Amino acid sequence: MPERILEVASLTKHFGGLRAVHLDLTVDARELRCLIGPNGAGKSTFFRMLSGAMRPSSGTVRFQGRDITGWDAFRIARLGMSIKFQVASVLEELSVRDNLHLAAEFRFGNREGRRRAAEMLEVVGLAERAEHPATWLSHGEKQWLEIGMASVGEPALILLDEPTAGMTAEEMKKTVRLLKRLNEVATVIVVEHDMNFIRMIAGRVTVMHQGEVFAEGSMEDIERNEGVRAIYLGKGSQYVVRR
Amino acid sequence: MSLDTAAIVVLEILNSITILVLLALGLALIFGMMRIVNLAQGEFFTAGAFTVLTAVRFAHLPLWVGMLLAPLVVAGIGIAIERLIIRRLYGRPLDVMLATWGVSLLLIGLITVIFGAVTQGIPFALGNFQVGRYSYPEYRIVMTTVAAGLMLGVYVLFRYTAFGRRARATIANPEMASAAGINTPRMFMLTFGLGAGLAGAAGAIMAPIVGVVPTMGVLYIARAFITVVVGGPVVLVGTLSSASALGFIEALISRFSLFQIETAGHCAPPPCAINIGGSAFFGQIALLIFAILLLRLLPQGISGFWRQRR
């Protein structure tokens, strides 16, 4: 039986009277898990609680068997969980190389971090852009830089919030290859809206709806699931949210 | 204007710029970079001056030892205040203002209780040098050198060291920095401590030329804020350019009388007149007016204007 890298139990977030998230979830080591759900399902809030960017109201998060609920974000990062946020979060003034170096430094120190950053430049295909300030990058390139920053520290678990937002079909294919490569050494959880992307990833899919886990299974199972179709997949690419 | 007068005017402009740089550098980190409206910044300056006073008067240490101790002591005070108070108030700018105002009053009170509400001088051995018909204090040249050194140090620290990269990352995007494993609370604390230490260094350097008194910070905090606001968001470029512009105007107006206003009354020799310009008082008024004009024209400050233009 594979090791469980992430165990989430009754993890809850309240915003005033609104319960934004309440869920249980387990992820095995080396899984490539897709997390989908309509807007407002609580996916990003869930990610932010996992990574320590937001404190949960109640519940527990166990990562590699250790209870990390309520830890500071940088401690969780140092333990081996990294996140790419939904909104672009690169340091615009620093060069592409320095952005990666910064993200590698805490784990490998200055010199080794620089070497790892150079390697990662090749992996994400930004070697030619290495010395440019990050602000010059296109939208897709910034996403790759962020994926690179999230994985350069060799984390055991990588959380990616909408890594293909704003990408062309060609860029998306490249991203799928990149994720599969990262998945060879790390567990990856990815939040996405794009069904083509999810099909290409072909991992296990968890559907969130109104802050809870609504369904879980392979993409075929999910696409056959009547309830999921009703809340999410119905009418082509339009979202249909039951209220 | 003769050559020696011109030289003296240039030296006085340099001195005005030096003083503004010294006052503003620490605040440029704390307010310009971290966006903390620290109303206790003036008292960090005071604390630096009193550290020197204590070292020289009571511990009988050499002046330069006191001046080296001051930034360390004040950085310690700054770090303590960040940990105890400001840390709890990030993202609440009004509360920070209120809290730091309280800290300011508390520090003034504490220093008054310990040292008394009297103005004390710090003796120092440097003399004057001759520029043609004028003599000019050597110490002012020392001050300019120290200010340049501090700016260079801050530049190297933020540009070329791991600490600098992490601090810039933390301030540009704390959430991202934290996700990249950077201990952001620690970086905030150290950057604040550095800003406090720089104010302490400024107070120590200026202690011999100003009266050392518990309320001295109040005299300088306004000029520090004005310089930082006019300078805009880029710390070093902003501080240097705004200190240069404001210092230039301040020194010129302090030196030269612009015009006279005749007033009623009896004078010998008549008529009665007030000189506008030609004193430090009018220099400061000119600085303020010029700062207001600059901010009207460049609301983002000087460095913000250039950054937008790029």
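The values are calculated or read from the model by the stated rules, or taken from the named source; none is laboratory data. Note that the structure is a prediction, hence the values are computed from the model and not measured. Here the Cβ is made from the backbone with ideal geometry for all residues, glycine too, and neighbour counts use every protein chain on show.
Observations, loosely collected:
- Subset of the stretch A:1-43 that is at pLDDT 90 or above and among the polar types (S, T, N, Q) - its residue that is surrounded by the fewest Cβ atoms within 10 Å (Cβ to Cβ): A:Ser10
- For the stretch B:207-310, the helices (runs of 4 or more DSSP H) that sit wholly inside it and include 1 or more residues that are touching a Pro at 6+ places or on another chain (Cβ under 6 Å) are B:301-309.
- Breaking point among (1) in contact with a Phe, Trp or Tyr (Cβ under 7 Å, 6 or more places away or on another chain); (2) within 12 Å of chain B (Cβ to nearest Cβ), for A:Phe85: (1)
- Checked across the stretch A:52-68, the condition of being within 10 Å of another protein chain (Cβ to nearest Cβ), in a strand (DSSP E or B) and either crowded, with 19+ Cβ neighbours inside 10 Å or in contact (Cβ under 8 Å) with a residue 60 or more places away in the chain (or both) holds for no residue.
- Residue match in the stretch B:218-240 (condition: more than 14 Å from every other protein chain (Cβ to nearest Cβ), among the polar types (S, T, N, Q), more than 22 Å from B:Leu72 (Cα to Cα) and touching a residue at least 40 places away in the same chain (Cβ under 8 Å)): yes
- In the stretch B:168-186, the residue that is surrounded by the fewest Cβ atoms within 10 Å (Cβ to Cβ) out of those that are small (Gly, Ala, Ser) and within 7 Å of another protein chain (Cβ to nearest Cβ) is B:Ala172.
- Unique match (being surrounded by 21 or more Cβ atoms within 10 Å (Cβ to Cβ) and at pLDDT 90 or above) among B:Thr227, B:Thr215: B:Thr227
- Within the stretch A:116-138, the set of residues being of a type outside the set (Gly, Ala, Ser), more than 14 Å from chain B (Cβ to nearest Cβ) and more than 19 Å from B:Tyr160 (Cβ to Cβ) comprises A:Glu119, A:Leu121, A:Glu122, A:Val123, A:Val124, A:Leu126, A:Glu128, A:Arg129, A:His132, A:Leu137.
- Check on B:Gly153, without any contact (Cβ under 8 Å) to a residue 60 or more places away in the chain and either surrounded by 12 or more Cβ atoms within 10 Å (Cβ to Cβ) or in a helix (DSSP H, G or I) (or both): yes
- A single member of A:Leu6, A:Leu23, A:Leu35 is in contact with a helix residue (DSSP H, G or I) (Cβ under 6 Å, 6 or more places away or on another chain), of a type outside the set (Phe, Trp, Tyr), touching a residue at least 24 places away in the same chain (Cβ under 8 Å) and in a strand (DSSP E or B), and it is A:Leu35.
- Residues in the stretch B:236-264 that are of a type outside the set (Gly, Ala, Ser) and crowded, with 23+ Cβ neighbours inside 10 Å were compared, and the one that is farthest from the chain's Cα centre (by Cα) is B:Ile253.
- Among the conditions (1) out of contact with any Leu (no Cβ under 6 Å at 6 or more places or on another chain); (2) away from chain B (no Cβ under 14 Å); (3) of a type in the set (Val, Ile, Thr), A:Ile76 misses just one, which is (2).
- Going through (1) surrounded by fewer than 14 Cβ atoms within 10 Å (Cβ to Cβ); (2) within 21 Å of the chain's Cα centre (by Cα) one by one, B:Thr100 falls short only on (1).
- Qualifying residue in the stretch B:187-204 (condition: within 14 Å of chain A (Cβ to nearest Cβ), touching a residue at least 40 places away in the same chain (Cβ under 8 Å) and over 30 Å from A:Pro155 (Cα atoms)): no
- Failed item in (1) at pLDDT below 95; (2) among the polar types (S, T, N, Q); (3) crowded, with 21+ Cβ neighbours inside 10 Å, with B:Gln130 passing the rest: (3)
- Tally, over the stretch A:88-98, of residues that are more than 9 Å from chain B (Cβ to nearest Cβ) and closer than 17 Å to B:Thr161 by Cβ: 2
- Here B:His60 passes the criteria (1) more than 22 Å from B:Gly211 (Cβ to Cβ); (2) outside any helix (DSSP H, G or I); (3) without any contact (Cβ under 8 Å) to a residue 12 or more places away in the chain except the one numbered (1).
- Residue match in the stretch A:106-117 (condition: within 24 Å of B:Arg307 (Cβ to Cβ), charged (D, E, K, R) and crowded, with 19+ Cβ neighbours inside 10 Å): no
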